[in-house]
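Take a look at the structure below.
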Number of protein chains: 2
Amino acid sequence: MELDMLEMLGVVAGCCTTAAFMPQVIHTWRTKSVYDISLRMYSLFTFGVFLWLVYGISIGSFSIILANAVTLVLAFSILVMKIVYGRAPSEKGPGRRPK
Amino acid sequence: MELDMLEMLGVVAGCCTTAAFMPQVIHTWRTKSVYDISLRMYSLFTFGVFLWLVYGISIGSFSIILANAVTLVLAFSILVMKIVYGRAPSEKGPGRRPK
């Protein structure tokens, strides 16, 4: 595969895996319902994305910095909503709230 | 930052952002409840991870292939559960099921 095509593939892949979190942010913001979202997932994922951002800064890679800075903002906002809305008494009953 | 430290940072970051999906798979498998999970997110994210896998294969990068192959399996299983369990009549009522 030629270099340009390869670079385009990486850019499109990066855009998809970054933009993908936007619908979840909107969905959670609208419904304020977070029971089905895993707190552990977003804690670990947000931490991992932060590390990728540090990695990108360390090697001076603009694309890694940009992709992970945007993903960090989106993932972190889902994490915050999970914590904030996860505390509110939900109509599903407190008993059904996993860690 | 020395090269070894940098490589270690990349490995740890990759492990976090890959392993992060495991708690969501377990949580969704146990609860069979997917209302709060965005179908658009997991469709776009799974597609993006697939592209990263193709990218990794194209440049022959073992770490990109490994990380994205594992993430693809995890993200795809959440996507399948969202589709399968999203259809089942849920006690939250059909009216509250977003796209």
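Rule-based calculations on the coordinates, nothing more; no lab input. Keep in mind it's a predicted model, so treat the numbers as computed, not measured. Please note: Cβ atoms are built from the backbone with ideal geometry, for glycine as well, and neighbour counts cover all protein chains shown.
Mind sorting A:LYS32, A:LYS82 by how few other Cβ atoms lie within 10 Å of their own Cβ, fewest first?
Ascending Cβ contact count within 10 Å gives the list A:LYS32, A:LYS82.
With r as the distance between the Cβ atoms of A:VAL84 and B:MET8 and R0 = 35 Å, compute the FRET efficiency 1/(1 + (r/R0)^6) and round to 0.05.
The calculated FRET efficiency here is 0.55.
Grab the Cα-Cα distance for A:PHE76 and A:CYS15, subtract it from 0.36 nm times how many residues apart they are, and report the gain in nm with one decimal.
Gain on extension, A:PHE76 to A:CYS15, equals 20.2 nm.
For A:LEU53, B:LEU66, which order do you get if you count the other beta carbons within 10 Å of each Cβ and list the fewest first?
Fewest-to-most Cβ neighbours within 10 Å comes out as B:LEU66, A:LEU53.
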